[in-house]
1. Any residue at all in the range 381-401 that's assigned to a helix (DSSP H, G or I) and modelled with pLDDT under 90?
2. Give me the strands (runs of 3 or more DSSP E) completely within the range 11-59, filtered to those with at least 2 residues that are assigned by TED's automatic domain parsing to the domain that holds residue 86, surrounded by 15 or more Cβ atoms within 10 Å (Cβ to Cβ) and among the β-branched types (Val, Ile, Thr), ordered by residue number.
3. Show the residue pairs meeting these rules: Cβ distance below 7 Å; 6+ apart or different chains; first residue within the range 208-228 and in contact (Cβ under 8 Å) with a residue 12 or more places away in the chain and under 17 Å from residue 240 (Cα atoms); second residue part of a helix (DSSP H, G or I) and aromatic (Phe, Trp, Tyr).
4. Please name all residue pairs, on different chains or six or more residues apart, with Cβ atoms under 8 Å, provided the first residue is in the range 367-379 and is part of a strand (DSSP E or B) and the second residue is of a type in the set (D, E, K, R).
5. Do we find that residue 345 is in contact with a Ser or Thr (Cβ under 6 Å, 6 or more places away or on another chain), over 30 Å from residue 88 (Cα atoms) and modelled with pLDDT of 90 or more in this structure?
6. Residues in the range 282-307 that are among the aromatic types (Phe, Trp, Tyr) and at pLDDT below 70: how many?
7. Picking from 245, 279, 209, 256, which residue would you name as being over 40 Å from the mean Cα position of the chain (by Cα) and closer than 21 Å to residue 183 by Cβ?
Amino acid sequence: MLVDELRHVPLFEHLSESQFEWLAKNGEKTQVDAGKYLFREGDPSEYFYVVINGELQITQTVNGEETILATHNSGGFSGEVPMLSGSPYIANARAIESTELLRLDDEAFRAMFSVCPIIVSKLFRALSGRIQTTEALARQREKMAALGGLAAGLAHELNNPAAAARRAADDLFDTMTELRRLTAKLGGQLTADQFDLLTRYQDEGAEALRNPEALDSLERSDREDDVGTWLDDHDVDDGWEMAGLLVDGGMDVDRLEALADELSDTELIDAVSWLRHSLGATQLLFEVGRSTGRISELVKAVKSYSYMDQAPSQMIDLHRGLEDTLMIMRYKLREHHITIDRHFDPAVPPISAFGSELNQVWTNIIDNAIDALGDQGNITVSTRLDGDSVWVEIADDGPGIPEEIQSRIFEPFYTTKDVGKGTGLGLDIVHRIIVNRHNGDIELESQPGATRFKIRLPIQRD
């Protein structure tokens, strides 16, 4: 009989005979075969379960992977949180071996509070520790998932300039080899005055590459056509290919004619090739400089974003933190074709804050906005000074958050994302950092086409 089986369940110790009979009458015995799921994350919560015998594993899906939260043997229970809150199951329950359970529907579960108060006492004692453990694990996964996303974006951002620098360095080696050969050849052919003219064009070309002339596309095309035609008429190999570089280096037909007046036909061909390789080497050096400069900027942004080697709480530049966050997330923003508008109040002073934690706030809100926008949209980031406080507003022009769920978005574990794609802790963390850590406020305004998170931070944190 079910009553006899329930007597051996640790959770039901010290119950009276009438209480055992009530459980047997109002509950229902069910069985789950090994490997089968009792319920899955996101399923409607219909029952509270107590393991009679067997083994039940509780997991949660995050980013496509299942993480074990707990394992229940005889007396273990599951489903109490969603039953109490009226929300779907927040985890998966799978039988490790053939498992028998007692299940209570919503009416019986709530009636149990008055019929079997000793069970309720045990349930809530266990529930307190369980929630803390689950929340701690989920927060850690949220942080690791966010870190993984940022790391992936940074890897792409760093790879582009690193690859460009490597290509430029490889090309520079070949270019310098040919340049040395031509220099040695021309050194035995040209007079000092002729070589001075050539090196003057080289110096002026380097300056033109450093500070390029503003040309519209039509004017540039005309110059390239003129130079390409001139080179072709003078039997210069690959003339059309090098025309663009020579134009970038300030060369035009008049300068080429001046060079031709000083040199023989053979010397002219070698001299133009020398100019091409000299300007090419300069251009490649600039590319290496730009690429390594970009890498340096990213490393600096990462260090600033994380407040590495700095005190946790200090006077921080709010705008710098927002810019660092946008730079760190630039790859994801670009990947989703999202534009950023900035409206920063220059009167905003440094504020007393935990800088790295605020950057986590900006990251979570902007990341949610990216997810909401999909493959196109706009995010506006603005600040303003308001007495002894500063307001930060992050807005997007996405579909908006339905009015009926707006009051719940800061609740732990509440998420509008598909099962396994979010822990429901991103905005809970945001709320804790702003309200609990910084004595600030956060407000949400949302309608289709306009979602705004408005955050107030005191300039001096108490």
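1. Keep residues of the range 381-401 that are assigned to a helix (DSSP H, G or I), which gives none.
So far as the range 381-401 goes, no, none of its residues is assigned to a helix (DSSP H, G or I) and modelled with pLDDT under 90.
2. 47-53
3. That search, which allows pairs on different chains as well, returns 228/240.
4. Pairs found: 377/396; 377/397; 378/341; 378/396; 378/397; 379/341; 379/396.
5. Considered against the rule, which asks whether it is in contact with a Ser or Thr (Cβ under 6 Å, 6 or more places away or on another chain), over 30 Å from residue 88 (Cα atoms) and modelled with pLDDT of 90 or more, residue 345 comes out as yes.
6. Of all residues in the range 282-307, those among the aromatic types (Phe, Trp, Tyr) come to 286, 305, 307.
Next cut, at pLDDT below 70 only: 305, 307.
Counting residues in the range 282-307 that are among the aromatic types (Phe, Trp, Tyr) and at pLDDT below 70 gives 2.
7. Result of the check over 245, 279, 209, 256: 256.
For every residue, the table says whether it meets (1) within 42 Å of the chain's Cα centre (by Cα); (2) without any contact (Cβ under 8 Å) to a residue 24 or more places away in the chain; (3) surrounded by 15 or more Cβ atoms within 10 Å (Cβ to Cβ).
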position	(1), (2), (3)
74	no, no, yes
77	yes, no, yes
80	yes, no, yes
113	no, yes, no
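The values are calculated or read from the model by the stated rules, or taken from the named source; none is laboratory data. Everything quoted here is computed from the prediction, not taken from an experiment. Please note: Cβ atoms are built from the backbone with ideal geometry, for glycine as well, and neighbour counts cover all protein chains shown.
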